[in-house]
1. Work through the residues other than Ala91 whose Cβ is under 12 Å from its Cβ and net out their charges, Lys, Arg +1 and Asp, Glu -1.
2. Have a look at Cys215, Trp282, Ser244 and report the one farthest towards the positive end of the charge dipole of region 198-305, computed about the Cα centre with Cβ charges (Lys/Arg +1, Asp/Glu -1).
3. Tell me, in nm to one decimal, what length is gained between Arg205 and Thr112 on full extension, where the rule is 0.36 nm per residue of separation less the Cα-Cα distance?
4. Find out how many positive minus negative residues lie around Asn221, taking Lys and Arg as positive, Asp and Glu as negative, among other residues whose Cβ is under 12 Å from that of Asn221.
5. Take the alpha-carbon centre of region 69-95, take the same for region 142-163, and report the distance between them in whole Å.
6. In region 197-237, what GluC sites (Glu not before Pro) fall in a loop by DSSP, with at most 14 other Cβ atoms inside 10 Å?
7. If you filter region 254-284 for trypsin sites (Lys or Arg not before Pro), then keep DSSP loop positions with at most 13 other Cβ within 10 Å, what is left?
8. When the dipole is taken about the Cα centre of region 198-305, and only Lys, Arg (+1) and Asp, Glu (-1) are charged at their Cβ, what size is it in debye, to the nearest 20?
Amino acid sequence: MFLSPPSIRGPHLLLLLWAVLALAGTTAAPAGSVPGTPSHVVPSNVRVGDLLFCECRNSGLHSLDGWDHVAMYIGNSQFVEAVPDEGVWVANYNVYFTWATDITFGYVMGATQSDREDAVEFALGQVGKPYQPIPIPKNPSPDSLMWYCSELVWAAYLSVGFDLDSDGGLAVYPCDIAAGDGVQMYAGELPLAPRRPAGMQYCVRLETREYTTACSDPQCNDVYYEWDWDDGLRVEWWIGPCSSGSTHSRFHTWKTLGWHYVRVRCKDNNGPGPWSQPLPVWVDAVLGGIGWPPGEGDAPTLGSEAPEDDGGFMTPPTADPPSSAPEPQILP
Ligand SMILES: [Ca+2]
Ligand SMILES: [Ca+2]
């Protein structure tokens, strides 16, 4: 997890080594167990052996294009994973809510319940081994001395006959797994709803403000941003390509007075995904005055036009596995 671009080529190796050194003292985010009963519950259609992918954009550990981490579900809202501080261990789902900015789930196409349970057993057999900070060379042996996050998942499924490293090579990254034909994402093929835009929520007409968002694509495809400024020239179309999971900023000069609802969505080669939640922005004729600037609570509600609140930054699965797939089983 956390290190280097999805493929290793000459100059990237130096960058990789630099990243390893840079991260050597900054691996605190996923640290520490979260004791007790998990307060976050894994969506009910996620099955033992399914995969969790996450982005850690705001933690200081984000350095990959696309997903920064992958873990394997073992039931009871727990995951087996390899992380810098803990090595290979079992984490409660709660952990990801302390450092991840996007989460999505996928499953291995064609894997039976037995395959998935055997893959979990392989990974659990590695618990207690240290984290492997450099992902090369990948090594599927159960006797391997240390594990990189996606290497562990790859080796676990290779042990039951599924090679999830879509581009081969010396290393396997979370996006090698997410982008491959071997894995289907519950969220489908389209980019997820971007983060709600962040930026100044009041200004004077003709002022220019910067707004920032980010968008993850389930398959780590490049994304193109469409901004709806709700302001005369309403929309800027399809700015990109941009790396999945990276932050994206845009300046806007406000032209019309009153409340505006800034929203953004992304497309990849398959089409556009859903709109973000909107950010209300107040544009005034003059600066200041009684009650100025207005707070967000002063903005009228959008009613039926408002996108659904996803309850935060998490993206739950939106599709079930094929009906022919075995029923979910929870391991003790
Ligand atoms: Ca690879
Ligand atoms: Ca996609």
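Nothing in this text is a laboratory measurement; each read-out follows from the coordinates by a stated rule. Quick caveat, the model's predicted, so the values are computed rather than measured. Glycine gets a Cβ as well: all are built from the backbone with ideal geometry, and neighbour counts include every protein chain shown.
1. -3
2. Most positive-ward Cα: Trp282.
3. Details: separation 93, 0.36 × 93 = 33.48 nm, distance 5.96 nm.
Length gained, Arg205 through Thr112: 27.5 nm.
4. -4
5. Cα centres, region 69-95 to region 142-163: 15 Å.
6. Numbers: sites: Glu207, Glu210, Glu226, Glu236; in loops: Glu207.
Sites meeting the loop and neighbour criteria: Glu207.
7. Those that pass, being in a loop and sparsely packed, are Lys255.
8. Around 120 debye, computed over region 198-305.
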